[in-house]
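The values are calculated or read from the model by the stated rules, or taken from the named source; none is laboratory data. Bear in mind the structure is a predicted one, so any value in this text is a computation, not a measurement. Note that each Cβ is placed from the backbone with ideal geometry, even for glycine, and that neighbours are counted across all protein chains shown. Calculation scope for accessible area: heavy atoms of the full protein, side chains included, ligands and nucleic acids excluded. Shrake-Rupley method; radii C 1.70, N 1.55, O 1.52, S 1.80 Å.
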Amino acid sequence: MGSTLTVDNIVGATTAANVKLPAGTVLQTVSGTFSDVDHSFTANSWADIDSSLNLSITPKYATSKLLITGNILLGIQDDSAPMIRLSVNGSEVGSATNVGSRRAGHTGMSYIYYTSRGSETYYEMYSNTIHFLTSAIGTTSTIVCKPQIRNFDPSGVVTRINTSAYNGNVDWIGVGVSSFTVQEVSQ
């Protein structure tokens with residue numbers, strides 16, 4: 001047999017600001033997918049991959065953390081060093097530390113140099129996984145999170161997104177999509 005609870009008056013007790021969920025609860029999720037296969041980079045400076053992966057999230061609690069995940073598909077050529085970093089409100093997060101003279105990022109291809117390949121075309125596409133949990137974000141104002149790309153080698157070769165460096169429109173070349181997700185996690 002069921003029970004009935006009668007409440008005369010609870011002022012403000014059930015507003016979102018007063019309800020505290022257990023630590024580790026995902027409070028909200030924003031996600032973007034980039035599916036264009038005619039997108040490439042040659043620059044030796046950080047650049048947004050695409051606006052579809054630039055995500056805005058307005059945290060419910062300043063004590064929350066952001067779980068940033070995703071996957072960026074890169075097609076690279078010889079003599080390149082494409083890296084991906086994570087930008088949260090313009091600040092780099094989740095990159096390697098204590099790097100010395102090396103170049104830091106969250107994920108990427110380090111340096112590619114196929115000495116035996118000569119002038120061959122490049123058919124490979126590489127998956128670069130993103131997975132990072134920030135510290136407490138300290139704000140309830142809107143935050144913009146985005147992956148950015150840079151080729152640390154100044155050679156000017158092309159790095160493509162979602163396809164191989166070859167990128168020929170033929171039925172034996174595969175293409176894919178890149179994705180980026182940000183979740184607010186309560187603490």
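For region 147-156, check the following and say yes or no: at least one residue is out of contact with any strand residue (DSSP E or B) (no Cβ under 7 Å at 6 or more places or on another chain), modelled with pLDDT under 85 and more than 24 Å from residue 36 (Cα to Cα). Quick ask: steps written out before the conclusion?
If we filter region 147-156 for residues that are out of contact with any strand residue (DSSP E or B) (no Cβ under 7 Å at 6 or more places or on another chain), which is where we start, we get 154, 156.
Now restrict to residues that are modelled with pLDDT under 85: 154, 156.
Next, from what is left, pick out any that are more than 24 Å from residue 36 (Cα to Cα): 154.
Yes, region 147-156 has at least one match.
Would you please name the residue that is nearest to residue 71 (Cα to Cα), looking only at residues in region 132-154 that are open to solvent by 50 Å² or more (accessible area, probe 1.4 Å) and in a loop (DSSP other than H, G, I, E, B)?
Checking each candidate, the answer is 135.
Quickly run through region 41-94 and pick out the residues that are among the β-branched types (Val, Ile, Thr) and either assigned to a strand (DSSP E or B) or open to solvent by less than 40 Å² (accessible area, probe 1.4 Å) (or both). Break it down into steps so the answer makes sense when it comes.
Kept after step one, since they are among the β-branched types (Val, Ile, Thr), are these residues of region 41-94: 42, 49, 57-58, 63, 68-69, 72, 76, 84, 88, 93.
Scanning region 41-94 gives 49, 57, 68, 69, 72, 76, 84, 88, 93.
Among the numbered criteria (1) assigned to a loop (DSSP other than H, G, I, E, B); (2) touching a residue at least 24 places away in the same chain (Cβ under 8 Å); (3) within 18 Å of the chain's Cα centre (by Cα), which one does residue 157 miss?
(3)
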